[in-house]
Structure formats: C-alpha cells, structure tokens
Amino acid sequence: MTSVHTLAAPRRTSRLGWNLLGLLVLAVAGFPVYWMLTTAFKPAKDAIDPDPGLLPTHLTLDNFSRALHIADFWGPVGRSLLVSLAVVAIGVVVGMLAALAISRFAFRGRKIVIVGILAVQMVPLVAMIIPVFLLLNDLDQYDKLSGLIITYLTFILPFTVWTLRGFIVNIPKELEEAAMVDGCTRTGAFVRVVFPLLAPGMVATSVYGFIQAWNEYLYALMLLSQKNQTATVWLSNFSTKHGTEYAPMMAGATMMALPIVALFLLVQRKMAAGLTAGAVKG
C-alpha cells in the first residue's frame, strides 16, 4: 500500500507541473489576443497611455465606428474572403489529387517530387517577390485577384500536398482492395472508402490554408493597388504621417479575426478528428 502511494505522489507532481506549464503557454500565447481585444474597447487616449493597465477602466464602441469609416471596410474583407475561399477550394482539390498520386502510385521520379515539395516550402517567400511580380506582369495578372490567387497557390499547395499525403498514407490500401474485390472501380473505392476517411484531414488542411491566405500581407501589398487591397493591407490605413491610431487598428483587427473564429467553431470537431487521424499510423 505504501509503495502505491509512493508511486502516485510523483505522478501527481508531474501532472501538476505539466498543467502549470500548459497554463503558462496558454497565457503567453493568449496575452496578445487579450491585449488586442482590450485595446479595441479602450478610448483612444487610453490606448496610447505610456503606463497602461491590464484591465480597461472605460469601455467604448467608438473605435469600431472609426474603423468602419476610416476607409472602405467591407470591400477589402470581401476580396480577402473571395481570395481565401478560392485558394482553399482549388488547393484542396489539386492537392488531394497530387497527394493521392504520390501516396498510391509508384512512378519514376516519385522521390524527387517529394523532396521538391519539401524544398519549395524552405524557400523564403520574400525572395520570390520580384520573380512573381515580373511573371504576373507578363501574364497580365498584376493588380488582379486572380493573380493573387495563383500566387498564394504556389506556397499553399506544397503544404496541402504534403499534409494530405500524410493522411492518405495512414489509410490502409487493403480497404481499397477489399472494395475493388466487391465490385468497385478504383475511383469508386476512393469515393466510397478513402474519401470519407480523408474528409477530416481535408478539413484541417483547409482551415490552415484559409488562415495563411487570409493573414498574408506582403504579396497582397506588392501585387495589388489600393483600390483592390485586401483586409490585411486595409489595416495600414491606421498608420499615417501623424502617427498610428492604435485603438481603431485593434478594433479593425478584432473584426478581421471574427471570420477565423467562426470557421474554427464550425469545423472544430472535424479538425480535431483530422489532426488525430494524421498522427496515428494506420
């Protein structure tokens, strides 16, 4: 009996330590979000106070009104939403087909393709700005949303292919073979057997792809004019030669975060299932 208590005490201590570490990580990761929210509701003079408090003393909605009227808000948000959804739709379909080919078919140069996908993700995006600009200009896609969609696909597709490949590899081939023995074609076996098992992984990949496209700033700034700016570039309207309006900027950032939060709430179960499915060999 004594030995049982002796073993249980270190386990409780270890669990307590991990819980405290988790709370510390949560506090560090969540504090910027908390500060953004509190600043969004502070009066403008409190937002630039050199000695700010952790808790706001006065709350106001004037910052949101200012954010909506400083420049066109719904136009940039609509364009960001259009670009992000288009990138996710095209990226998931093309990425799924490419991942399926890499995972299920043996062909010459297969390993080179896999290494190439990893190598592309290692290239800094800032290094490709000038080549991308020149290429889009030659294709008459500069200052067009279609050009921005093509650009985003170049660095979101490798991530999508690599991630979906991991999910497909974890689905046993025997399931497809059994379906084909029962009379399904290869396409039918994929649609009836593989696709339902792959759906959670596709949801998780889509969410991350959407976040990357929604939050991207550098290429949207360089490849689009002010009349076609996206939501992230729209936030730069709060920085002028007279200074930065921090409170309205945080209000705008809060409104921009709402679509991401809504998306997470809608697909959180599928996303959790996808993340765990991709972590287990199958």
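The values are calculated or read from the model by the stated rules, or taken from the named source; none is laboratory data. Keep in mind that what you see is a predicted model, and the values were worked out from it rather than measured. Every residue, glycine as well, gets a Cβ built from its backbone with ideal geometry; the counts of neighbours run over all protein chains shown. Just the protein is used for accessible areas: all its heavy atoms, side chains included, with ligands, DNA and RNA removed. Shrake-Rupley method; radii C 1.70, N 1.55, O 1.52, S 1.80 Å.
Before moving on, here are some points about what is shown:
- Enumeration of residues in segment 40-53 that are part of a loop (DSSP other than H, G, I, E, B) and either farther than 27 Å from N215 by Cα or more than 29 Å from the chain's Cα centre (by Cα) (or both): P43, I48, D49, P50, D51, P52, G53
- Segment 64-73 - residue that is open to solvent by 40 Å² or more (accessible area, probe 1.4 Å) and not in a loop (DSSP other than H, G, I, E, B) and, of those, nearest to S236 (Cα to Cα): I70
- Only one of the listed residues (P32, P76, P50) is open to solvent by less than 40 Å² (accessible area, probe 1.4 Å), of a type outside the set (A, V, I, L, M) and out of contact with any Lys or Arg (no Cβ under 9 Å at 6 or more places or on another chain). That residue is P76.
- Residue match in segment 178-188 (condition: in contact (Cβ under 8 Å) with a residue 12 or more places away in the chain and either closer than 30 Å to N137 by Cα or of a type outside the set (A, V, I, L, M, F, W, C) (or both)): no
- Here the condition is being of a type in the set (A, V, I, L, M), within 15 Å of V92 (Cβ to Cβ) and part of a helix (DSSP H, G or I); of V161, V132, it holds for V161 alone.
- Tabulated pairs, segment 197-224, first closer than 18 Å to V261 by Cα and in contact (Cβ under 8 Å) with a residue 60 or more places away in the chain, second open to solvent by 30 Å² or more (accessible area, probe 1.4 Å) and hydroxyl-bearing (S, T, Y), C-beta under 7 angstrom, 6+ apart or interchain: T205/T163
- Selection from segment 233-282 of residues that are open to solvent by less than 20 Å² (accessible area, probe 1.4 Å), out of contact with any Leu (no Cβ under 7 Å at 6 or more places or on another chain) and at pLDDT 85 or above: W234, A247, P248, A251, M256
- Single match in V169, V191, V181 (criterion: farther than 22 Å from V94 by Cβ, of a type in the set (A, V, I, L, M, F, W, C) and surrounded by fewer than 19 Cβ atoms within 10 Å (Cβ to Cβ)): V181
- Here L224 clears all of (1) modelled with pLDDT under 85; (2) open to solvent by less than 30 Å² (accessible area, probe 1.4 Å) except the condition numbered (1).
- Scanning segment 171-178 finds no residues that are acidic (D, E), closer than 30 Å to L258 by Cβ and touching a Phe, Trp or Tyr at 6+ places or on another chain (Cβ under 8 Å).
- Per-region count, segment 89-122, residues open to solvent by 60 Å² or more (accessible area, probe 1.4 Å) and within 19 Å of the chain's Cα centre (by Cα): 7
- Test: residue in segment 80-89 that is touching a Pro at 6+ places or on another chain (Cβ under 8 Å), in a helix (DSSP H, G or I), modelled with pLDDT of 90 or more and closer than 18 Å to I260 by Cα: yes
- When the criteria are applied in full, A71 meets the requirement of being of a type outside the set (S, T, Y), modelled with pLDDT under 85 and within 28 Å of the chain's Cα centre (by Cα).
- Annotation: T60 fulfils all but one of (1) modelled with pLDDT under 85; (2) in a loop (DSSP other than H, G, I, E, B); (3) open to solvent by less than 50 Å² (accessible area, probe 1.4 Å); (4) of a type outside the set (D, E); the unmet one is (1).
- First in segment 105-130 and more than 23 Å from L221 (Cβ to Cβ), second anywhere and open to solvent by 60 Å² or more (accessible area, probe 1.4 Å) and in a helix (DSSP H, G or I), Cβ under 6 Å, 6 or more apart: I117/W162
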